[in-house]
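What follows draws every value from the coordinates through simple rules; no lab data is involved. Since we're looking at a predicted model, the values are computed, not measured. Every residue, glycine among them, receives a Cβ derived from its backbone with ideal geometry; neighbour counts consider all protein chains shown.
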Amino acid sequence: MMMRLWHGRVWAGRFADFLALLSSRAMEEYPRTAGYLGAYAFQRRTGSEVEVLLASFWESNDALQNFVKADQDRARHNPEHKDLLIDPEPRAQHYDVTHLHLKTAAAGAGNAGDSAYIMRQWRGRVPAAKALDYLNFLQGSGFKDYAETPGNLGVYGLQSAADGVTEFLLITLWESVAAIKRFAGEDFEKAHYYPEDKDFLLEFEPLVTHYEVVLAKPNTRQTTAPQVIL
């Protein structure tokens with residue numbers, strides 16, 4: 001299972017137009033491709049701009065290739081999107097999904113008529129030789145603690161390897177800031193670490209990033225108990 005992640009920026013005054021176009025185009029186009037397993041759109045406002053993340057999930061690299069048709073890393077932009085985007089990001093990032101725990105309530109996050117939910121994102125890098133050991137450690141620590149915290153709606157563990165280093169990207173879904181604080185404490189924008197992390201991580205990012213979930217179309221077949229996907 002893979003995740004394709006695209007990053008873009010939109011002027012705040014045009015974000016509603018961008019979201020409407022995204023909902024009527026990409027979110028309708030994805031399911032027509034065999035091997036599609038769901039998607040989310042996240043947003044974070046900074047001044048006059050809105051940062052947008054679009055995450056889509058695929059059964060395999062072949063399924064993703066059926067969607068992108070050509071250069072897999074190249075971003076696909078609807079012609080109408082180009083009028084709304086600030087310096088359109090030309091490339092997308094890809095990750096292997098190595099852990100998934102998605103609760104059924106996450107399926108309604110961010111959709112019309114539903115309350116806003118929050119995505120929390122953390123990144124860390126480990127030597128590739130330690131990646132499997134670190135994943136095993138996360139299974140019994142961070143992933144478990146996330147899922148057991150009241151108000152957590154889902155956990156995605158993602159990995160990408162290059163040049164002898166494996167990047168871990170952890171995306172978690174939460175029903176509120178109060179729920180995040182149950183896990184991270186009052187200073188919830190600080191990254192939460194365990195003593196054992198020092199045995200794996202190459203550096204310690206001091207902060208995490210939070211986004212509002214504005215569209216959520218997870219595949220309901222994936223609302224399962226925790227699983228390791230290798």
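So if we plug the beta-carbon distance of Asp87 and Arg123 into 1/(1 + (r/R0)^6) with R0 = 25 Å, what FRET efficiency do we get, rounded to 0.05?
Values: r = 22 Å, r/R0 = 0.89.
For R0 = 25 Å, the calculated efficiency reads 0.65.
Each residue of the stretch 14-31 in turn: what ³J(HN,Hα) in whole Hz from Karplus with 6.51, -1.76, 1.60 and θ = phi - 60°, glycine and Pro shown as x?
10, 5, 4, 5, 4, 5, 5, 5, 4, 5, 8, 10, 4, 5, 8, 6, 3, x
Report the full-extension gain for the segment Tyr193 to Glu29: residue separation times 0.36 nm, less the Cα-Cα distance, to one decimal in nm.
55.2 nm
Note the full-extension length gain between Glu51 and His94 as 0.36 nm times their separation in residues minus their Cα-Cα distance, in nm to one decimal.
Full extension of this stretch gives 13.6 nm more.
Classify the stretch 1-72 from the C-alpha gyration tensor, please: rounded if a/c falls under 1.5, else prolate or oblate depending on whether a/b exceeds b/c.
Taking the square roots of the gyration eigenvalues as a ≥ b ≥ c, the stretch 1-72 is prolate.
Here are some pairs, Lys130/Lys217; Lys103/Lys198; Lys69/Lys217; which of them have Cα atoms lying more than 25 Å apart in this structure?
The answer is Lys130/Lys217; Lys103/Lys198.
If packing is taken as the average count of other Cβ atoms within 10 Å, what order do 99-105, 202-208, 48-54 fall into, highest mean first?
In decreasing order of mean packing, 99-105, 202-208, 48-54 become 99-105, 48-54, 202-208.
Would you work out which of Ala128, Val10, Gly185 lies farthest towards the positive end of the dipole of the chain? Charges go on Cβ: Lys and Arg +1, Asp and Glu -1.
My answer, from the dipole projection, is Val10.
Could you pull the Cα extents of the chain along its three principal axes, largest to smallest, in whole Å?
Cα extents, longest axis first: 48, 38, 33 Å.
If packing is taken as the average count of other Cβ atoms within 10 Å, what order do 5-15, 118-128 fall into, highest mean first? Walk me through the numbers before you get to the answer.
On the way: 5-15: 16.0, 118-128: 18.9.
Answer by packing, highest mean first, reads 118-128, 5-15.
Could you work out the relative contact order of the chain, using alpha carbon pairs under 8 angstrom and six or more residues apart, expressed as a whole percent?
27
Provide the per-residue ³J(HN,Hα) series for the stretch 148-157, in order, calculated from phi with Karplus coefficients 6.51, -1.76, 1.60 and θ = phi - 60°, each as a whole number of Hz, with x at glycine and proline positions.
Each residue of the stretch 148-157 in turn: 8, 7, x, x, 7, 10, x, 9, 10, x Hz.
For the chain, what is the charge dipole size about the Cα centre, in debye to the nearest 20, if Lys and Arg each add +1 at the Cβ and Asp and Glu each add -1 at the Cβ?
Result for the chain is approximately 400 debye, rounded to the nearest 20.
Calculate the spin-label point distance for Val165 paired with Leu21, positioning each point 7 Å from the Cα along the beta-carbon direction, and give it in nanometres.
Taking the simple label geometry, Leu21 and Val165 are separated by 3.5 nm.
Cβ under 11 Å from Arg123's Cβ, Arg123 left aside: what net charge do those residues give with Lys, Arg +1 and Asp, Glu -1?
Net local charge, Arg123 excluded: -2.
I need the calculated FRET efficiency for the pair Asn66 and Ser141, taking r as the beta carbon distance and R₀ as 45 Å, to the nearest 0.05. Walk me through the numbers before you get to the answer.
Details: r = 37 Å, r/R0 = 0.81.
Working from the Cβ atoms, E equals 0.80.
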